[in-house]
Amino acid sequence: MSPSHHEETLPISHEVMSQDDVPSIHSATSSHHHGIHKIKQIPTHASHSHDAPHEQYTSNIEVPDEIYDRLTDSRKIGVIVVVSFCSFLAPISSTSILAGIPEVTATYHTTGDIINISNALYMFFMGISPCFWGPLSQVYGRRNICLITAVLFIACSIGTALSPNLASYFIFRILTAFEGTSFLTVGAACIGDIYRPTERGTAMGWFLSGTLIGPALGPFIGGIIVTFKSWRVIFYLQAALAGAGLIGAFFFLPETIHQRKSDDLVGLPLRRKAAVMRQMCNPWRVVRLWRYPNLLMVALSSSSLVWNMYSLLTPIRYVLNPRFNLTTPIQSGLFYLAPGCGYMLGTFFGGRYADFIVKKYIEKRGVRIPEDRLRSALPFMGIVIPCCMLIYGWSIEKRFGGVALPVIMMFFQGVAQLFCFPSLNTYCLDVMQNDGAEVIAGNYVIRYMFGAVGSAVVLPAVTAIGVGWFSSISALFLVVGACMMGATVIWGKCLRDDIDQKRRAKRAVFAEIAVQEKISETA
């Protein structure tokens, strides 16, 4: 535990606290009852009074080790299975329609570029929604948010399938994205709730298999459907899968959060409770976390991977069909199996390797530093994936290597990404353990914004400059992302400590003002 955590804290009234400092509250032991989903909650180190809730002085607060023993290993596996399946839904929806874009354009009498904009908007709203679901899951719990958004995801998927015109198609696609990203945020937060920092990488690897296999298998499944049925069947299938996820979450997903913030407000006056709740649910809380340079740099590193993934997957039918004289959606859909198989293979090794690196540096230093985890991803992001992307792009541009070379490069990219994403995602949970959902939400906001840009510009860019040069741009972005990750490894702790010190100084000023106001009131 950081020594600064033991510093004396001063009570502050809500009236003098800035919006940014309004509470991250964790208080007395309580239990939440969800039928069979009853888990005893354990108090964290922080405390508060109803009259003076306050935020932690240090961003990296160690959580009591006994919290992670609340669930048995079998229950934890059940949680991973449920959240991994749910996390499969939004990403598969983002790419399953790619193989059917020509059919959608024919239905709505438009162009492929217009439909591709709908895919970019899908990614854009995947980026916006974590600002809402992250704070809400901290306040109301993971399970409640997962169940509510699953129901809404089903309704929006059916709405997309039934869309009579292009405008309604756009609207329901956007709403589906907004609901679906909650599974990614909540699922990652659940892993942080139930697994120790030295175990999270392995669990995160399994969880991320859903988020990454989805985009890769989506076009393959979509290609089969549009070859034999209407593209609308894609979204009916999506709704059915979401229904299965809803049932699984209802019966097998307990409430995993250590302490719901809403419980800490019991007994407060209604007006005060409403004011505090409004600030705790404010999406701006997610954005304000970017004041920590380490979180911003890691988010940009993650963005380079998402940019690369979607700029690789989006144009396959338009790039590879002409290159290899393919004529049907199912033929181009087969190419998506290459990165999908890579993701599945990487699931078994990437997260475990990240945990191995953490344990190695704990033995070396005698203490866990969250930034050490990022070391496991550096060679894969900085060398392996950029090289694969360059070979992939230029082999298609210059027509060498036949079908085998781009397939092999896509496969190795899939494996390498599973050595990167578990490390990056788990770092977000490790570095600010009490606010893991909000940190991971901020990471998703930036990465999916870049994914949206990549989806929007890839086809026009490939048409304008060729797939080789566009792949070179993606490779350069990955190298820059690896450099930012390396900077975080070296200077991340110092940067965090510097921001924490500034925040403590700011809190001290507010505390002094509060004391002076109280003295004035009693005089």
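Here, each number is a calculation from the coordinates, and none is a lab measurement. On a predicted model such as this, the values are computed, not experimentally measured, just so you know. Using ideal geometry, Cβ is built from the backbone for each residue, glycine included, and neighbour counts are taken over all protein chains shown.
Take 70-83, 358-371, 184-197, 473-486 and order them by the average number of nearby Cβ atoms within 10 Å per residue, most first; the result is 184-197, 473-486, 70-83, 358-371.
Note that the chain, at 20 °C in a medium of 1.002 mPa s, gets a Stokes-Einstein diffusion coefficient of 91 µm²/s from its Kirkwood radius over C-alpha pairs.
In terms of the mean number of neighbouring beta-carbon atoms within 10 Å, the peptides 168-174, 263-269 order highest first as 168-174, 263-269. Relative to its Kirkwood radius, the Cα radius of gyration of region 341-396 gives an Rg/Rh of 1.13.
Quick one: what do you get for region 173-319 if you divide its Cα Rg by 2.2 N^0.38 Å? Display every interim value, and only then the final one.
On the way: Rg = 19.6 Å, N = 147, 2.2 N^0.38 = 14.7 Å.
The reported ratio for this selection is 1.33.
Counting 0.36 nm for each residue step from Arg272 to Cys483 and taking away their Cα separation leaves a gain of 71.4 nm. Relative to the longest principal axis of the Cα atoms of the chain, the long axis of helix 130-140 makes an angle of roughly 40 degrees. Working from label points 7 Å from Cα in the Cα-to-Cβ sense, the Gln516 to Glu363 distance is 5.5 nm. Residue pairs exceeding 24 angstrom between C-alpha atoms, taken from Lys359/Lys493; Lys76/Lys364; Lys273/Lys493; Lys360/Lys493: Lys76/Lys364; Lys273/Lys493.
Comparing Cα centroids, region 400-479 and region 196-213 end up 17 angstrom apart. Taking a point 7 Å from the Cα of Thr227 along the Cα-to-Cβ direction, the residues of region 87-128 with backbone N closer than 17 Å to it are 96-103.
For region 395-523, the normalised intensity computed at q = 0.11, 0.13, 0.16 Å⁻¹ comes to -0.64, -0.79, -1.03 (log10 of I(q)/I(0), Debye sum over alpha carbons, equal scatterers, no solvent). Once the Cβ-Cβ distance of Phe251 and Arg291 is raised to the sixth power relative to R0 = 25 Å, the FRET efficiency obtained is 0.05.
Alpha-carbon geometry of region 303-397: the Rg and the Dmax are 17.8, 59 Å, given in that order. What is the angle, in °, between the Cα long axis of helix 385-397 and the longest principal axis of the Cα atoms in the chain? Nearest 10 is fine, range 0 to 90. Between helix and principal axis, roughly 20 degrees. For region 342-464, the ratio of Cα radius of gyration to the globular rule of thumb 2.2 N^0.38 Å stands at 1.26. Given their separation in residues at 0.36 nm each and the Cα-Cα distance between them, Asn321 and Thr198 gain 39.8 nm when the chain is fully extended. Maximal additional length on extending the Ala464-Ile499 stretch stands at 8.2 nm, based on 0.36 nm per residue less the C-alpha distance.
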